[in-house]
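> What follows is a structure written as C-alpha cells; I'll ask about it next.
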Amino acid sequence: MTHLTEKAKAVSALPLKERVAYMNNMWIGYTQAVNILEGLQELLDHPPSHRMPGMLIVGAGNNGKSHILNHFLKRNKAFVSKEDDLVKLPIVYVQMPASPSEKDFYIEILDAVGAPYKISDRPDRRAQLVLTSLRSLNVKILMIDEFHHLLAGNSTKQRQLLNMLKVLSNKLGISLVGAGTKEAFRAIQTDPQLASRFTPYVLSKWKMDEDDEYLSLLASFEKLLPLQKPSELTDEKIALKILTMTDRTIGQISSLLKLCARHAISNGTESITLKTLNEVKWKTPADIDKEQRMEI
Ligand SMILES: Nc1ncnc2c1ncn2[C@@H]1O[C@H](COP(=O)(O)OP(=O)(O)OP(=O)(O)O)[C@@H](O)[C@H]1O
Ligand SMILES: [Mg+2]
C-alpha cells in the first residue's frame with residue numbers, strides 16, 4: 001500500500017469508526033499554509049519592540065484559516081518556564097465577538113487566559129487586568145479570529161477597538177494576528193498606522209492552475225484518507241468534478257472526500273472513483289442554487 005502514509009496505512013486496517021475519527025483530524029501542509037506557519041514562527045521569535053509586526057490571514061469562509069491558527073497553537077502550548085517556574089503562554093487565541101465592544105473583547109481575552117474577573121469590574125480595572133495577565137504570562141502573539149466582526153460595530157466602536165489593539169501591542173510588545181474574510185482587510189484599513197504593520201496572507205479558493213497546487217492538495221488527501229486501494233484523485237476528470245461539486249474551499253473539498261471515503265469503506269470498494277462521486281448524497285452549489293430559487 002504505497003499510496004498511503006505509514007500512519008494512514010495502519011489506520012486503513014481498522015473498522016469504520018476509527019477510520020472516521022482519524023479522518024476528522026487530518027492536517028495537510030499545502031504551500032500557503034506552510035508560508036503562514038513560517039510567518040507565525042517569525043513573529044514568535046521576534047524580539048519585543050514598540051512596533052511589533054503582525055499578520056492578517058484573509059480568505060473565504062470554510063477555507064482553512066482557523067485550522068492553520070489551531071495547528072500553530074497546538075505546537076505552542078502553555079509551559080512552565082525553567083527560569084522562574086512560572087506558567088508561560090506564548091499565544092492567546094480569541095474570536096472577535098459578533099457585536100464587538102471593548103468590554104466583550106477584554107472578557108474574551110480574560111476567559112482565554114483563565115484570569116479571574118468580575119462582570120461588575122470597572123472598565124479601567126478590566127483593561128489593567130488584561131495588561132497584567134498578558135504580561136505575566138509572557139504572551140508573544142494575540143490571535144484574533146473572525147476579525148471581520150469588527151465591522152459589525154459602528155465607526156466609533158471600530159476606532160476604539162483598533163486603538164485598544166494598538167495600545168496592547170505597543171505596551172506589551174506582542175504581535176497581533178487577525179484572520180477573517182476579506183472584510184477583515186477593510187476593517188483594518190480604517191487605521192492606516194495599524195494596517196501598515198499587518199502583512200496580508202491570502203488563502204484563495206482552489207482551482208486548476210499551472211503550479212498544480214490543487215493537484216498536490218488532492219495527492220496529499222489521497223495519502224491520508226485511510227482507504228486500502230489507490231483512488232487516483234489527481235486524475236483530471238476526478239479533480240475537475242470535485243471542483244464543480246464544491247464551492248472550491250478546502251472545507252468543502254475535505255467534507256466531500258471524507259464522505260466519499262466513508263462510502264467506499266462501507267461498500268467495500270476501498271477507493272474513490274468517478275462512480276463514488278456520483279453515488280454519494282451531496283448537494284452541489286448548483287443544487288443549492290436551484291433549491292433556493294424554487295423557494296422564492
Ligand atoms: N490544512 C488543512 N488540512 C486538512 N484539512 C483542512 C485544512 N485546513 C482546513 N481543513 C478542513 O477545512 C475545514 C474548514 O477549515 P477552517 O475551519 O479552518 O475554515 P475557516 O477559513 O476558518 O472558515 P470560517 O471563515 O467559516 O471560520 C476544517 O474543519 C478542516 O476539515
Ligand atoms: Mg474559522
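The values are calculated or read from the model by the stated rules, or taken from the named source; none is laboratory data. Please read these numbers as outputs of a predicted model, since none were measured by experiment. Cβ placement follows ideal geometry from the backbone for every residue including glycine, while neighbour counts extend to all protein chains displayed. The protein model used for the area step is the full one, side chains on, heavy atoms only, and it has no ligands, DNA or RNA in it. Shrake-Rupley method; radii C 1.70, N 1.55, O 1.52, S 1.80 Å.
> Using DSSP to call loops (not H, G, I, E or B), can you name the trypsin sites (Lys or Arg not before Pro) in the range 30-129 whose Cβ has at most 14 other Cβ atoms within 10 angstrom?
Here the trypsin sites (Lys or Arg not before Pro) that fit, given the DSSP loop and packing criteria, are ARG51, LYS77, LYS82, LYS118.
> Can you give the FRET efficiency to the nearest 0.05 for LEU274 and GLU83, using r as the Cβ-Cβ distance and R₀ = 51 Å?
0.30
> For the range 31-203, calculate the relative contact order in percent as a whole number, restricting contacts to Cα pairs under 8 Å that are 6 or more residues apart.
The value is 37 percent.
> Among ASP212, ASP104, ASP124, which one shows the highest mean-square fluctuation when the chain is modelled as a Gaussian network with alpha-carbon springs under 10 Å?
Result: ASP124 has the largest fluctuation of those listed.
> Can you give the accessible area per residue of the chain, in Å², using a 1.4 Å probe?
52
> Which whole-Hz couplings ³J(HN,Hα) result when phi for each residue of the range 248-258 is put into the Karplus expression 6.51 cos²θ - 1.76 cosθ + 1.60, θ = phi - 60°, listed in order with x for Gly and Pro?
Once θ is set to phi - 60°, the couplings for the range 248-258 become 6, 9, 5, x, 6, 4, 5, 4, 5, 5, 5 Hz.
> Report the residue, chosen from TYR201, TYR93, TYR30, that carries the largest GNM mean-square fluctuation when the chain is represented by alpha-carbon nodes joined by springs under 10 Å.
Comparing TYR201, TYR93, TYR30 in a Gaussian network model of the chain, the most mobile one is TYR30.
> Can you give me the angle between helix 102-113 and the longest principal axis of the chain, using Cα atoms only, in degrees from 0 to 90, rounded to the nearest 10?
70
> Taking the chain as a Gaussian network, Cα atoms linked when under 10 Å apart, which of LEU131, LEU225, LEU86 shows the biggest mean-square fluctuation?
LEU86
> Separation between the THR156 and ARG293 pseudo-spin-labels, each 7 Å from Cα along Cα→Cβ, expressed in nm?
4.6
> With θ set to phi - 60° and the Karplus curve 6.51 cos²θ - 1.76 cosθ + 1.60, what are the ³J(HN,Hα) couplings of the range 195-210 in order, to the nearest whole Hz, using x for Gly and Pro?
4, 5, 8, 8, 7, x, 10, 9, 9, 7, 5, 7, 8, 6, 8, 5
> Sticking with this one: If I compute solvent accessible area with a 1.4 Å probe over the protein chains, what percent of it on the range 31-203 is carbon and sulfur?
Ligands and nucleic acids excluded, carbon and sulfur reach 53 percent.
> OK, next. Could you give the distance between the Cα centres of the range 163-192 and the range 218-244, to the whole Å?
Distance between centres, Cα-based: 39 Å.
> Only bridges whose two residues both fall in the chain count here: according to DSSP, what percent of them are antiparallel, nearest 5?
Close to 10 percent.
> Can you grab the distance from the C-alpha centre of the range 68-143 to the C-alpha centre of the range 12-45, Å, no decimals?
If you average the Cα positions of each part, the centres end up 25 Å apart.
> May I pose another question? Would you mind checking which residues have amide H under 5 Å from LEU203's amide H? H placed 1.01 Å from N; only 5 or more apart, or other chain.
Here the answer is VAL58, GLY59, since their amide H atoms fall under 5 Å of that of LEU203.
> Given the rule -39500 (n - 2.57) for each run of at least 4 DSSP H residues, summed and divided by the residues of the chain, what is its mean residue ellipticity at 222 nm, to the nearest 500 deg cm²/dmol?
-15500 deg cm²/dmol
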